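Before any comments, here is the structure.
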Amino acid sequence: RNMLEEEVVKKFYGENELRRMYLEFFESKGHLKMNSFSLVPHNDNSLLLINAGMAPLKPYFTGQEIPPRRRVTTCQKCIRTGDIENVGKTARHLTFFEMLGNFSFGDYFKHEAIAWSWEFLTKVLGLEEDRLYPSIYGEDDEAFDIWTKEVGVPAERITRFYRDPETGECDNFWEHGAGPCGPCSEIYYDRGEKYGCGKPDCKVGCDCDRFMEVWNNVFTQFEGDGKGGYTELSQKNIDTGMGLERLAVVMQDVDSVFDIDTMKAIRDKVCELSGKSYQKDALDDVSIRLITDHIRSATFMISDGILPSNSGRGYVLRRLLRRACRHGRLLGIAPGFLTELAQTVIDGSKDGYPELEEKQEFIKKVIRKEEEQFDKTIDQGLGILTEMKENMVKEGIKTLSGSDAFKLYDTYGFPIDLTKEILEEEGMDVDEEGFKAAMEVQREQARKMRKTTNYMGADVTVYESIDPSITSKFVGYDHLEYESKITVLTTEE
Ligand code: SER
């Protein structure tokens, strides 16, 4: 048999290898490989953090900006914190992930996107065709025909997903707030019965871990207003996304994202530092997974210039670091461990993100400082919270008052979800509305103080007070050096 025709079989690839293989494949299809954009959105107020590969590319989809090439491929750093309370509790939730993507801005459309996704999965990675199941948007007969007639997938292996008649939602219509969106065709991989729920109707779309969505081809042809209104875009685009961690789960044939090579290195380090073993004790596992995830997010966020603070992105970072600190305590790890773990993250991912290594001293300094600061108050705060809990038990109350939660936040640096999480462990909760109200009262007081003393405090209001017509423009694609004028300068974050 001709060597060239030799069948490619599925084998173990590390995360860094998979990232490289994907980007090289799409370079070979005429795409420009671009570095991941920062996690901090640029000129996009609709997002706190970049949450998908396409997010930093929105202006190219809408035609607002000219892309450097009409075919682009990236591996984008992403953060999604919507499910943060599940992180650690399950083996599939992550706050940080990498998304591989190939994009067409008014260039190729469905035919090529579908064919190349199949080619990459089956011919480059050697995934078994009979384990792959494409799905399509209910009415998208064009995609159905491409899958069946051009790619040759039997019709019965293709699932159509329709919009829910009540909510209007659909798994195969991709949109995230306002912006470019459209129907999609996702590809699932059957990981085998051992990962299944065993129910007789278990199939593509089931919530269990058997059929894992690995690839999403979005046919970006609409501009959504975020409220259900769509206008046709003048150019048809492609936005594909494949979670690198998930792909690694499939290729490495491991149980979960916490078992893939780079994540396992962090997980092992947590175990080494704590003297615990993974999968010995369910509660320890929650802490081990949570720390593994959060330190990854935090390290990448800081490398993109985000600093812990009490608002916006800085607060997301602070929550992640403080939750990780507390879970370190639960595992009995000595303070100061997060800095060491950050090094493991850096070593594992510097191949794809050289900035991690370049900024390693800075990253570790920021983490060390935040950890030290929190360590000073965490014991006191935990002591106070224990007293509060005891009083609640005595009084037969199950909900901590908003003002007490605020005291923990304001004096001891306990983010609300940390307090919530600790209470949840004992079947209690927090009056979140009361917490918000207490926070608002304090903000109002601070605002008044600023007015009378003319003091510019570290608050988002610094930015709010900037004339919105002052914007900045990114010219880095066309220039290596550029002269510009500083219009506004602030010492506050
Ligand atoms: N935007 C789509 C997603 O995030 C495909 O990249 O799934």
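The values are calculated or read from the model by the stated rules, or taken from the named source; none is laboratory data. All values derive from a computational prediction rather than experimental measurement. Because the Cβ atoms are built from the backbone with ideal geometry, glycine has one as well, and the counts that use them run over all protein chains shown. Accessible surface is based on the protein model in full, side chains and every heavy atom, while ligands, DNA and RNA are left aside. Shrake-Rupley method; radii C 1.70, N 1.55, O 1.52, S 1.80 Å.
How about region 206-229: which of its residues are out of contact with any Asp or Glu (no Cβ under 7 Å at 6 or more places or on another chain) and either open to solvent by 20 Å² or more (accessible area, probe 1.4 Å) or without any contact (Cβ under 8 Å) to a residue 60 or more places away in the chain (or both)?
In the first step, residues of region 206-229 are kept if they are out of contact with any Asp or Glu (no Cβ under 7 Å at 6 or more places or on another chain); the result is 206-209, 212, 214, 217, 219, 223, 225-229.
Of everything in region 206-229, those that are out of contact with any Asp or Glu (no Cβ under 7 Å at 6 or more places or on another chain) and either open to solvent by 20 Å² or more (accessible area, probe 1.4 Å) or without any contact (Cβ under 8 Å) to a residue 60 or more places away in the chain (or both) turn out to be 206, 207, 208, 209, 212, 223, 225, 226, 227, 228, 229.
Restricting to region 54-91, name every residue that is more than 14 Å from the ligand (Cβ to nearest atom), in a loop (DSSP other than H, G, I, E, B) and either basic (Lys, Arg) or surrounded by fewer than 21 Cβ atoms within 10 Å (Cβ to Cβ) (or both).
63, 64, 65, 66, 67, 68, 69, 70, 81, 83, 89, 91 - these are the residues of region 54-91 that are more than 14 Å from the ligand (Cβ to nearest atom), in a loop (DSSP other than H, G, I, E, B) and either basic (Lys, Arg) or surrounded by fewer than 21 Cβ atoms within 10 Å (Cβ to Cβ) (or both).
The conditions are (1) surrounded by fewer than 20 Cβ atoms within 10 Å (Cβ to Cβ); (2) free of Cβ contacts under 8 Å to residues at least 60 places away in the same chain, and residue 265 fails exactly one of them. Which is it?
Residue 265 satisfies every listed condition except (2).
Tell me, which strands (runs of 3 or more DSSP E) lie completely within region 120-216 with 3 or more residues that are within 14 Å of the ligand (Cβ to nearest atom)? If you could, list the steps in order and put the result at the bottom.
Details: elements: 132-137, 159-161, 179-190.
Ranges flagged: 179-190.
Do we find a residue being loosely packed, with under 13 Cβ neighbours inside 10 Å and out of contact with any strand residue (DSSP E or B) (no Cβ under 9 Å at 6 or more places or on another chain) anywhere in region 403-411? Reasoning before the result, please.
Narrowing region 403-411 to residues loosely packed, with under 13 Cβ neighbours inside 10 Å: 411.
Add one more test, that the residue is out of contact with any strand residue (DSSP E or B) (no Cβ under 9 Å at 6 or more places or on another chain), and what stays is 411.
Yes, there is a match, as at least one residue in region 403-411 is loosely packed, with under 13 Cβ neighbours inside 10 Å and out of contact with any strand residue (DSSP E or B) (no Cβ under 9 Å at 6 or more places or on another chain).
With the structure loaded, tell me whether residue 293 is outside any helix (DSSP H, G or I), more than 16 Å from the ligand (Cβ to nearest atom) and closer than 28 Å to residue 190 by Cα or whether it fails that test.
For residue 293, the condition - outside any helix (DSSP H, G or I), more than 16 Å from the ligand (Cβ to nearest atom) and closer than 28 Å to residue 190 by Cα - is not met.
Determine which member of the set 235, 279 is open to solvent by 20 Å² or more (accessible area, probe 1.4 Å), out of contact with any Lys or Arg (no Cβ under 7 Å at 6 or more places or on another chain) and either within 13 Å of the ligand (Cβ to nearest atom) or within 30 Å of residue 45 (Cα to Cα) (or both). Give the derivation first.
On the way: 279 fails: either within 13 Å of the ligand (Cβ to nearest atom) or within 30 Å of residue 45 (Cα to Cα) (or both).
Checking each option against the conditions leaves just 235.
Going residue by residue through region 345-355, is there one that turns out to be without any contact (Cβ under 8 Å) to a residue 12 or more places away in the chain, acidic (Asp, Glu), over 21 Å from residue 264 (Cβ atoms) and part of a helix (DSSP H, G or I)? Spell out how you get there, then give the answer.
Residues of region 345-355 without any contact (Cβ under 8 Å) to a residue 12 or more places away in the chain: 350, 354.
Adding the requirement that they be acidic (Asp, Glu) leaves none.
Checked against the condition, which is being without any contact (Cβ under 8 Å) to a residue 12 or more places away in the chain, acidic (Asp, Glu), over 21 Å from residue 264 (Cβ atoms) and part of a helix (DSSP H, G or I), region 345-355 yields no hits at all.
Can you go through 209, 239, 190 and tell me which one is under 22 Å from residue 61 (Cβ atoms) and among the acidic types (Asp, Glu)? Spell out the reasoning first.
On the way: 209 fails: under 22 Å from residue 61 (Cβ atoms); 190 fails: under 22 Å from residue 61 (Cβ atoms).
Within the list 209, 239, 190, the selection yields 239.
Considering each of 374, 414 in turn, give the residue that is within 30 Å of residue 279 (Cα to Cα), in a loop (DSSP other than H, G, I, E, B) and open to solvent by less than 40 Å² (accessible area, probe 1.4 Å). Before the answer, list the steps.
Numbers: 374 fails: in a loop (DSSP other than H, G, I, E, B).
Result of the check over 374, 414: 414.
What is the residue count in region 26-53 for residues that are within 16 Å of the ligand (Cβ to nearest atom) and over 22 Å from the mean Cα position of the chain (by Cα)?
Residues in region 26-53 being within 16 Å of the ligand (Cβ to nearest atom) and over 22 Å from the mean Cα position of the chain (by Cα): 2 in total.
Can you name the condition, by its number, that residue 108 falls short on among (1) within 27 Å of residue 64 (Cα to Cα); (2) assigned to a helix (DSSP H, G or I); (3) touching a residue at least 60 places away in the same chain (Cβ under 8 Å)?
For residue 108, the exception is condition (2).
Picking from 94, 100, which residue would you name as being assigned to a strand (DSSP E or B), in contact (Cβ under 8 Å) with a residue 60 or more places away in the chain and either surrounded by 23 or more Cβ atoms within 10 Å (Cβ to Cβ) or more than 16 Å from the ligand (Cβ to nearest atom) (or both)? Let's see the steps before the verdict.
Values: 94 fails: assigned to a strand (DSSP E or B).
Exactly one residue qualifies, and that residue is 100.
Might you check whether a residue that is of a type in the set (Gly, Ala, Ser) and open to solvent by less than 20 Å² (accessible area, probe 1.4 Å) occurs anywhere in region 170-179?
Our first condition is that a residue be of a type in the set (Gly, Ala, Ser); within region 170-179, this holds for 177-179.
This time we only want the ones that are open to solvent by less than 20 Å² (accessible area, probe 1.4 Å), so: 179.
So far as region 170-179 goes, yes, one or more of its residues are of a type in the set (Gly, Ala, Ser) and open to solvent by less than 20 Å² (accessible area, probe 1.4 Å).
Which number in (1) over 21 Å from the mean Cα position of the chain (by Cα); (2) buried (at least 21 other Cβ atoms within 10 Å of the Cβ) marks the one condition that residue 12 misses?
(2)
So the check is Cβ under 6 Å with 6+ separation or different chains; which pairs have a first residue in region 409-434 that's within 19 Å of residue 390 (Cα to Cα) and a second one that's part of a loop (DSSP other than H, G, I, E, B) and open to solvent by 70 Å² or more (accessible area, probe 1.4 Å)?
428/398
Any residue in region 283-300 that's closer than 11 Å to residue 322 by Cα: show its pairings with residues that are among the charged types (D, E, K, R) at Cβ separation under 8 Å, as long as the two are six or more apart or on different chains.
Final answer for the pair search is 294/323.
Is it the case that residue 228 is within 16 Å of the ligand (Cβ to nearest atom), of a type outside the set (D, E, K, R) and closer than 28 Å to residue 110 by Cβ?
Numbers: within 16 Å of the ligand (Cβ to nearest atom): no; of a type outside the set (D, E, K, R): yes; closer than 28 Å to residue 110 by Cβ: yes.
Judged against the criteria, residue 228 is not a match.
List every residue pair whose Cβ atoms sit under 7 Å apart, with the two residues 6 or more apart in sequence or on different chains, where the first one lies in region 382-407 and is more than 27 Å from residue 310 (Cβ to Cβ) and the second, anywhere, is assigned to a loop (DSSP other than H, G, I, E, B) and not charged (D, E, K, R).
398/428
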